Number of protein chains: 4
Amino acid sequence: MGVMRLGHVNLRVMDVEQAIDHYVNIIGMTVTQRDPDGCAYLKCWDEWDKYSLILTPTDEAGIIHIGFKVERDSDLDAIKAHFESERIPIEALDANVLPLCGRSLRFNLPSGHEVWLYAEKETSGTAVGDQNPDPWPDGLKGAGAHWLDHLALVCEFNPEQGVNKVAENTAFLQKHLQFKLTERGVAGPDGDMLVAAFLTRTSTPHDIAFVPGPSMGLHHIAFFLEDWNAVLKAADVVAKARKNPSLTPNRHGMTRGLTYYMFDPSGNRNETFGGIGYLGQPDRPLVTWTDEHVERGLFFLGGDNKAFMEIYT
Amino acid sequence: MGVMRLGHVNLRVMDVEQAIDHYVNIIGMTVTQRDPDGCAYLKCWDEWDKYSLILTPTDEAGIIHIGFKVERDSDLDAIKAHFESERIPIEALDANVLPLCGRSLRFNLPSGHEVWLYAEKETSGTAVGDQNPDPWPDGLKGAGAHWLDHLALVCEFNPEQGVNKVAENTAFLQKHLQFKLTERGVAGPDGDMLVAAFLTRTSTPHDIAFVPGPSMGLHHIAFFLEDWNAVLKAADVVAKARKNPSLTPNRHGMTRGLTYYMFDPSGNRNETFGGIGYLGQPDRPLVTWTDEHVERGLFFLGGDNKAFMEIYT
Amino acid sequence: MGVMRLGHVNLRVMDVEQAIDHYVNIIGMTVTQRDPDGCAYLKCWDEWDKYSLILTPTDEAGIIHIGFKVERDSDLDAIKAHFESERIPIEALDANVLPLCGRSLRFNLPSGHEVWLYAEKETSGTAVGDQNPDPWPDGLKGAGAHWLDHLALVCEFNPEQGVNKVAENTAFLQKHLQFKLTERGVAGPDGDMLVAAFLTRTSTPHDIAFVPGPSMGLHHIAFFLEDWNAVLKAADVVAKARKNPSLTPNRHGMTRGLTYYMFDPSGNRNETFGGIGYLGQPDRPLVTWTDEHVERGLFFLGGDNKAFMEIYT
Amino acid sequence: MGVMRLGHVNLRVMDVEQAIDHYVNIIGMTVTQRDPDGCAYLKCWDEWDKYSLILTPTDEAGIIHIGFKVERDSDLDAIKAHFESERIPIEALDANVLPLCGRSLRFNLPSGHEVWLYAEKETSGTAVGDQNPDPWPDGLKGAGAHWLDHLALVCEFNPEQGVNKVAENTAFLQKHLQFKLTERGVAGPDGDMLVAAFLTRTSTPHDIAFVPGPSMGLHHIAFFLEDWNAVLKAADVVAKARKNPSLTPNRHGMTRGLTYYMFDPSGNRNETFGGIGYLGQPDRPLVTWTDEHVERGLFFLGGDNKAFMEIYT
């Protein structure tokens, strides 16, 4: 019951056709729908719902909203009732306000990021179908990403002024939507200030992460790849296409993920994230990264971490 | 809420010391407890609860019981009430009847297999700990399996006499414990007779599978490995140790799993199962394997399937 | 100096178009030339010479000849002089008798297999070129094999009648063309009867192998893949295309090669062979496989070796 | 005939015991000999000769000499005669002057680096032996490197003053020891100034490389790993051991090598180098990297190349 997974992300892009070229030929998605406002809807080959990414043409990069899919239609009622009982603003919207979806709910995280919840989205099946399916389809492009795996949001963080939206968002998702906190980074004189948080509703290490910054924004959206070899292929694909500079293959200490970053043409950061890491089950002990280990937590394999940090932040 | 995952399997072995040698040096588990009856309790390095395998000395191989861990203690009350309202026999047991566990419930599947449910098990953390953990520990042995992933049970199947415990078990877990059916094999003149079923409560492709046979039994227990390279390593480990014949590395069509089988010294079949395959989420379209594709469904990479079938069955 | 590598193999196929479909869409080769006799010439993407495979239309499968490329034109003179001094029949042929090649030599191995030597073949470069090349080209098909790696010939073997062409061929290549014997299988009451031989002129574990049989023939031709993941991809490609049954992924004990076998539509056995194994250098200790270990030597990962043996032989 | 491979490297280290700890526990070598001067001799598990690395205690890091093994004892006479006819200084030394080796020759490259040639070295076989060998031995440590693969030397390069020891060394090895130039980096107004060179005598992409610098020195020694997964393991091993900063996993454009760099405790750079890349055969077209592609040539996967370049140079 409740939130089932990250269903989609709605990104701002400055040139939709360039963005489509990136998400199709580098990431390996397919365009499944266009709308009169010029938005494009895309899905990965291993997803069944009709889109996991909406590209909206605007004049700057960034995130517009996140969509979480809930398990049952009745979950929407339960969540709305709970939010109202807690006096948290939440808006109910008719079917198709969220394109191709049933009725939905909209609210904002403490950080200000906009979240939609929905129980139904038009589906078109995975690219291998559901009858005697092959393990992967012919004609894969680019990195051939399986699915949208998670995203990371930058949250306002200014401890001198008592602002820590990483902590507020984390508490919010834990309390109101039953997310599991799988890993956290802590800092501060008492070692108890939350500076990074990884939360999940599936059995994966994270569906969403919060990292600190001067103001709210998008850190990255991440696509799932099966293993370290697939990460190399993704990095080769980007290098062969002479695309935007990015961070080279590494392992995250946090989540153990095998990772490679790139940018879409508008500057939205993409991650290709390989391997399952572990099962982020409800009773798994919470993992804590302390201040002096945070670089290893971010990029376990090290290297020129100072330069990495500059780019990464 | 409800069943969280496969928590452990209790196997019969004919020589506990030989069995320990296998599960420690080939699979990579650790012995965490012994008891006065000669039973051994083992866990994988990436599991936090104190055991996922109980080895009980007897005079023949096979399975004694399965343990599912539920998310909350109150789930036990809810499940007991539900079973009683459905007039399904279920027994409540005190803490520590199931060793190192809190109070538990015991019932039998329609196939006769014994199942225990518990919410609490003594924990000892993963081998890398929860403070700034490395991605894997030093001193891994054998295949270095991460965790007990799933098991497959042989269920009585005699359609001429109207007996299909594969179908009964599947309906039972779906109805009473909210398992998700991710994949199924069907046969029969109308193509609607269930001959194989894969069910999950986590986000993995399956926590438990049912396959047909002349009478109830164990088909295999499976351990998680991260990828295809880890499957090769597992197979090399077995070959280097001159251990029991087994099926060579292959891919399952069903679940896409990368797989390698071996036997423990008593003849219990073990699988090492690599890769995540996909996320077995509640709304994922049910995958169906029809009669003429069942060999590909079992062993996608083919080969001498007839010989494989003989061994496999 | 002398033989540099296996340059090409000329196979008999019963339907050239079907064979092309196989070598292009499953193996990943490209057709570079056709001739008036209906022959097709193909190369792998990572080869520079214009072909490594000639497909000749006939009414049954099998091998017509092997081509070895020598390092220098003058090597042809030296080899011809040596053969003549040893009274071994050898024929000198003009340029272009061997298509797209310079002058050549032709002789037969003791087993009867026909061998051509040449120093020049028309070249068209690798698919990534020689100026700032990418590590792999766009548009790879099927297994995307890098190059023709080696071949294995079946040689008449009838020890009761004193016939052992495996041994004769091996001694011939060692003595007259300076091949290095890297591994051997031995049997017989004294353990000194050569039953399998692996020989090399490059630094790879083998360029050619000899295995025993009732009469001369082809055992397989093998294509190089980079690693175990590429072997899985090759096996998936064959399975997805519903092609001929084959042996599933395994590791050879001999050469350590990661291997997967299939058949072309005429029944010529193909191997995709992954990983370097080791460097077959002149001073590497000769590896010996004794009778009781020969199954592990062939298929290290075991499985149903008896069934394997039946198919393999 | 002639040079067969890179046989060993003699490095300066500031603390032999610390260096041994690194080469044994991180790289995976074994100490096979110590001598009264405090030197340590080590080999990799897949090498048969008794050492491929000599560690000599001194007060700074660096390289003392390179050893190339020639194929036959008579090659030493031929090389000596050739050098003398070309009036290139070369010194003949008795057996055991080079420890555990037969008679040897010593000369200097134009860059000043000292090279020894020998045909015989005491051998102890690989760790898996030569009778029915397993593909890998039990008890591997650290990265479990297979063998010393190649080394790269820094050569004085000052084109303003007409000094280019990269070019001189390359011409020297090509002319006098029949090395094959597989890849080169070029720069300069006419695009013909050699700034990097990769040369081989085996069938691998390189046995030795020359890169430019202010004065002669060692760039790195490299150890062979089988594939990209083994590169990740090596990087994990270093990270888990909290060892010296290094460059993270990447792919070289030049040679296609999958690579990861670290430092030994004295500061000698080590590379773990995965995959075969291609066969560096005598007739393979020479690959050229032009000035504007040199960064991709060094680190194909990009990233923060400027920071990389600073560390790498």
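The values are calculated or read from the model by the stated rules, or taken from the named source; none is laboratory data. Owing to the predicted nature of the structure, the values given are computational and were not obtained by experimental measurement. Counting neighbours? That spans all protein chains shown, and the Cβs are built from the backbone with ideal geometry, glycine included.
Yes or no: segment D:44-57 includes at least one residue that is among the acidic types (Asp, Glu), surrounded by fewer than 19 Cβ atoms within 10 Å (Cβ to Cβ) and within 21 Å of the chain's Cα centre (by Cα).
Scanning segment D:44-57, I find no residue that is among the acidic types (Asp, Glu), surrounded by fewer than 19 Cβ atoms within 10 Å (Cβ to Cβ) and within 21 Å of the chain's Cα centre (by Cα), so the answer is no.
Given (1) in a loop (DSSP other than H, G, I, E, B); (2) touching a strand residue (DSSP E or B) at 6+ places or on another chain (Cβ under 7 Å); (3) surrounded by 22 or more Cβ atoms within 10 Å (Cβ to Cβ), where does A:LYS243 come up short, assuming only one miss?
Looking at each condition in turn, A:LYS243 falls short on (3).
For segment C:248-287, what are the residues that are assigned to a loop (DSSP other than H, G, I, E, B), free of Cβ contacts under 8 Å to residues at least 60 places away in the same chain and closer than 23 Å to B:ALA234 by Cα?
Here is the first cut: in segment C:248-287, the ones assigned to a loop (DSSP other than H, G, I, E, B) are C:248-249, C:252-253, C:257, C:264-268, C:275-286.
Then keep just the ones that are free of Cβ contacts under 8 Å to residues at least 60 places away in the same chain; that gives C:248-249, C:252-253, C:257, C:275, C:283, C:285.
The answer is C:THR248, C:PRO249, C:HIS252, C:GLY253, C:GLY257, C:GLY275.
Taking segment A:182-202 as the region of interest, how many residues are in a loop (DSSP other than H, G, I, E, B) and not acidic (Asp, Glu)? Reasoning before the result, please.
First pass over segment A:182-202, keeping only residues in a loop (DSSP other than H, G, I, E, B): A:188-192, A:201-202.
Adding the requirement that they be not acidic (Asp, Glu) leaves A:188-189, A:191, A:201-202.
The number of residues fulfilling the criteria is 5.
What pairs can you find where one residue is in segment D:292-303 and over 14 Å from A:TYR260 (Cα atoms), the other is buried (at least 21 other Cβ atoms within 10 Å of the Cβ) and aliphatic (A, V, I, L, M), and their Cβ atoms are less than 6 Å apart, with a gap of 6+ or different chains?
Short answer, once both residue conditions are applied: D:GLY297/D:MET254.
Do we have A:LEU100 as free of Cβ contacts under 8 Å to residues at least 40 places away in the same chain and either touching a His at 6+ places or on another chain (Cβ under 6 Å) or in the same structural domain as A:LEU53 (by TED's automatic domain parsing) (or both) here? Walk me through how you get there before you give the answer.
Values: free of Cβ contacts under 8 Å to residues at least 40 places away in the same chain: no; either touching a His at 6+ places or on another chain (Cβ under 6 Å) or in the same structural domain as A:LEU53 (by TED's automatic domain parsing) (or both): yes.
Answer is no for this residue.
Looking only at residues in segment A:126-181 that are part of a strand (DSSP E or B) and among the aliphatic types (A, V, I, L, M), which one is nearest to B:ASP283 (Cα to Cα)? Steps first, answer last, please.
First, the residues of segment A:126-181 that are part of a strand (DSSP E or B): A:131, A:148-158, A:163-164, A:180-181.
Next cut, among the aliphatic types (A, V, I, L, M) only: A:148, A:151-154, A:163, A:181.
Details: A:LEU148: 16, A:LEU151: 21, A:ALA152: 24, A:LEU153: 26, A:VAL154: 30, A:VAL163: 38, A:LEU181: 24 Å.
Here the answer is A:LEU148.
Considering C:HIS206, C:HIS150, C:HIS176, which residue is in contact with a helix residue (DSSP H, G or I) (Cβ under 7 Å, 6 or more places away or on another chain) and within 30 Å of C:ASN25 (Cβ to Cβ)?
Values: C:HIS150 fails: in contact with a helix residue (DSSP H, G or I) (Cβ under 7 Å, 6 or more places away or on another chain); C:HIS176 fails: within 30 Å of C:ASN25 (Cβ to Cβ).
Just a single option satisfies the conditions, and that option is C:HIS206.
Would you check which residues across segment C:204-225 are part of a loop (DSSP other than H, G, I, E, B) and either among the basic types (Lys, Arg) or buried (at least 24 other Cβ atoms within 10 Å of the Cβ) (or both) and list them? Break it down stepwise before answering.
The initial filter retains those residues of segment C:204-225 that are part of a loop (DSSP other than H, G, I, E, B), namely C:204-207, C:214-216.
Result: C:THR204, C:PRO205, C:HIS206, C:ASP207.
Would you check if C:TRP147 is in contact with a Gly (Cβ under 6 Å, 6 or more places away or on another chain), buried (at least 17 other Cβ atoms within 10 Å of the Cβ) and aromatic (Phe, Trp, Tyr)?
Values: in contact with a Gly (Cβ under 6 Å, 6 or more places away or on another chain): no; buried (at least 17 other Cβ atoms within 10 Å of the Cβ): yes; aromatic (Phe, Trp, Tyr): yes.
In short, no.
Would you mind finding the one in C:THR170, C:THR126 that is among the β-branched types (Val, Ile, Thr), within 14 Å of chain D (Cβ to nearest Cβ) and buried (at least 20 other Cβ atoms within 10 Å of the Cβ)? Give the derivation first.
Working: C:THR170 fails: within 14 Å of chain D (Cβ to nearest Cβ).
Answer to the check: C:THR126.
Mind listing whichever residues of segment B:79-106 are part of a helix (DSSP H, G or I) and touching a Gly at 6+ places or on another chain (Cβ under 8 Å)? Talk me through it step by step, then tell me what you get.
Step one: of segment B:79-106, the residues part of a helix (DSSP H, G or I) are B:79-85.
Result: B:ILE79, single match.
Taking segment D:265-289, which residues are among the hydroxyl-bearing types (Ser, Thr, Tyr), under 20 Å from C:GLY274 (Cβ atoms) and at the interface with chain C (Cβ under 9 Å from one of its Cβ atoms)?
Hit for segment D:265-289 is D:TYR278, nothing else.
Kindly evaluate D:SER203 against the criterion of being of a type in the set (S, T, N, Q) and more than 14 Å from chain C (Cβ to nearest Cβ). Lay out the reasoning, then the answer.
Working: of a type in the set (S, T, N, Q): yes; more than 14 Å from chain C (Cβ to nearest Cβ): no.
Against the criterion (of a type in the set (S, T, N, Q) and more than 14 Å from chain C (Cβ to nearest Cβ)), D:SER203 does not qualify.
Among the candidates B:GLU183, B:GLU226, single out the residue that is of a type in the set (Asp, Glu), under 23 Å from B:TRP45 (Cβ atoms) and within 12 Å of another protein chain (Cβ to nearest Cβ).
Details: B:GLU183 fails: under 23 Å from B:TRP45 (Cβ atoms).
Among B:GLU183, B:GLU226, only B:GLU226 is of a type in the set (Asp, Glu), under 23 Å from B:TRP45 (Cβ atoms) and within 12 Å of another protein chain (Cβ to nearest Cβ).
Only one residue in C:GLU60, C:GLU47 is farther than 28 Å from C:ASP130 by Cβ, assigned to a loop (DSSP other than H, G, I, E, B) and assigned by TED's automatic domain parsing to the domain that holds C:TYR23, so which one is that? Outline the logic, then answer.
Numbers: C:GLU47 fails: farther than 28 Å from C:ASP130 by Cβ.
The match here is C:GLU60.
Does B:MET29 qualify as being touching a Phe, Trp or Tyr at 6+ places or on another chain (Cβ under 9 Å) and away from chain A (no Cβ under 14 Å)?
Numbers: touching a Phe, Trp or Tyr at 6+ places or on another chain (Cβ under 9 Å): yes; away from chain A (no Cβ under 14 Å): yes.
Considered against the rule, which asks whether it is touching a Phe, Trp or Tyr at 6+ places or on another chain (Cβ under 9 Å) and away from chain A (no Cβ under 14 Å), B:MET29 comes out as yes.
Do any residues in segment C:110-130 that are touching a residue at least 24 places away in the same chain (Cβ under 8 Å) and within 30 Å of D:ARG256 (Cβ to Cβ) have Cβ atoms under 8 Å from those of residues that are assigned to a loop (DSSP other than H, G, I, E, B) and among the small types (Gly, Ala, Ser), where the two are at least six apart or on different chains, and which pairs are they?
C:TYR118/C:GLY102; C:ALA119/C:GLY102; C:GLU120/C:GLY102; C:LYS121/C:GLY102
Listed here are the residues, each with its yes/no results for (1) among the small types (Gly, Ala, Ser); (2) in the same structural domain as B:LEU11 (by TED's automatic domain parsing); (3) under 18 Å from the mean Cα position of the chain (by Cα).
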residue	(1), (2), (3)
B:GLN174	no, no, yes
B:THR182	no, no, yes
B:PRO189	no, no, no
B:ARG201	no, no, yes
B:HIS206	no, no, yes
B:GLY213	yes, no, yes
B:ALA222	yes, no, yes
B:ASP227	no, no, no
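Picking from C:ILE64, C:ILE79, C:ILE54, which residue would you name as being of a type in the set (A, V, I, L, M), away from chain D (no Cβ under 14 Å) and touching a His at 6+ places or on another chain (Cβ under 7 Å)? Before you say what the answer is, go through the steps one by one.
Working: C:ILE64 fails: touching a His at 6+ places or on another chain (Cβ under 7 Å); C:ILE79 fails: touching a His at 6+ places or on another chain (Cβ under 7 Å).
Within the list C:ILE64, C:ILE79, C:ILE54, the selection yields C:ILE54.
For segment A:233-247: of the residues being closer than 26 Å to B:TYR278 by Cα and in contact (Cβ under 8 Å) with a residue 24 or more places away in the chain, which is nearest to the other protein chains (Cβ to nearest Cβ)?
The first filter runs over segment A:233-247 and keeps only residues closer than 26 Å to B:TYR278 by Cα, leaving A:233-238.
Applying the additional criterion that residues be in contact (Cβ under 8 Å) with a residue 24 or more places away in the chain yields A:233-235, A:237-238.
Values: A:LYS233: 9, A:ALA234: 10, A:ALA235: 4, A:VAL237: 9, A:VAL238: 8 Å.
In this case the residue turns out to be A:ALA235.
Does segment D:1-38 hold any residues that are on the phi < 0 side of the Ramachandran plot and free of Cβ contacts under 8 Å to residues at least 60 places away in the same chain, and which are they?
Scanning segment D:1-38 gives D:ASN10, D:VAL16, D:GLU17, D:ILE20, D:VAL31, D:ARG34, D:PRO36, D:ASP37.
Quick one: which of B:MET262, B:MET254 is away from chain C (no Cβ under 11 Å) and within 20 Å of the chain's Cα centre (by Cα)? Lay out the reasoning, then the answer.
Values: B:MET262 fails: away from chain C (no Cβ under 11 Å).
Residue meeting the stated conditions: B:MET254.
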